[in-house]
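Take a look at the structure set out below.
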Amino acid sequence: MPFRDRREHKKSEEKIIEINVPMQGMVAFGEPISLKINGKFSGALTTRGTLTIGGTAQIDADINGDNVIIAGKVKGNVLAKKMLVLMPTAVLTGDVATPKLNVVEGAIFQGKCHMMEEYLTVDELAQYLEIDEPALVELAASGKIPAVKDADGWKFERVKIDSWAAAGKIQ
């Protein structure tokens, strides 16, 4: 089998779900997926991967996800762990917490915004710094790189990593 980039392999395995009918309740996905909602939804949404709220969607729910893209109407609080994008047709009424926010001209946002610190996983930081994962884990375990150990493994705050690298501590 010819060599394939890991990102290409991950992309080909990505699960895609599109919902075009009215739904209510609590929807939660433990695995990363690409979920697009085009209809009405009320309840709570918890996803990993990318959640897209289509331009015709009407959502009355709190949203918790990695990457959230809103083009429709959302009434509820949004926690986007990686990034939130409000497209020109978006109408969001609720509070937002995210490390990255992109509000495209024309979007309407009514609420408070809390900009969180962005954390990277071992895999993400290894790609970011272009070093091997085992070497990165060894740096974290020895305290030579700013890191936090939690139940899921090591995590790295991007701001601290950028300062660490700028100080010339990366070899």
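The values are calculated or read from the model by the stated rules, or taken from the named source; none is laboratory data. These numbers come from a predicted model, not from an experiment. A quick note on method: Cβ atoms are made from the backbone with ideal geometry, for glycine too, and the neighbour counts reach across all protein chains shown. Protein only, heavy atoms only, side chains kept; ligands, DNA and RNA dropped before computing areas. Shrake-Rupley method; radii C 1.70, N 1.55, O 1.52, S 1.80 Å.
Only protein atoms count toward the accessible area here, which uses a 1.4 Å probe; on the chain, the carbon and sulfur part of that area reaches 54 percent. If you take the Cα centroid of the stretch 63-107 and the Cα centroid of the stretch 16-37, the two points sit 16 Å apart. Which value in deg cm²/dmol, rounded to the nearest 500, describes the helix-derived mean residue ellipticity at 222 nm for the chain, given -39,500 (n - 2.57) per DSSP H run of n ≥ 4 and division by the residue count? My calculation for the chain gives -5500 deg cm²/dmol from helical runs alone. For the stretch 114-121, putting each phi into the Karplus relation 6.51 cos²θ - 1.76 cosθ + 1.60 with θ = phi - 60° gives couplings of 10, 8, 7, 6, 8, 10, 10, 7 Hz, in residue order, rounded to whole numbers and with x for Gly and Pro. Residues whose amide H comes within less than 5 Å of that of F29, counting only those at least five positions distant or on another chain, are T46, T47, R48 (H built at 1.01 Å from N in the peptide plane). 3J(HN,Hα) along the stretch 58-69: 10, 10, 10, 6, 7, 10, 10, x, 7, 10, 10, 10 Hz, from the Karplus curve 6.51 cos²θ - 1.76 cosθ + 1.60 with θ = phi - 60°, whole Hz, x for Gly and Pro. Taken over the stretch 86-164, the percentage of Cα pairs per 10 Å bin, counting from 0 up to the bin with the maximum distance, is 17, 38, 19, 20, 6. Over all orientations, the stretch 1-159 has a Cα convex hull whose mean projected area works out to 11.2 square nanometres.
For D150 and I108, FRET efficiency with R0 = 35 Å and r from the beta-carbon atoms, rounded to 0.05?
Values: r = 36 Å, r/R0 = 1.03.
Efficiency computed from Cβ-Cβ geometry: 0.45.
Database remark: amide H of T52 closer than 5 angstrom to the amide H of L35, K36, I37, I69 (H placed geometrically; neighbours at sequence offset of 5 or more, or on other chains; Pro and chain starts carry no H).
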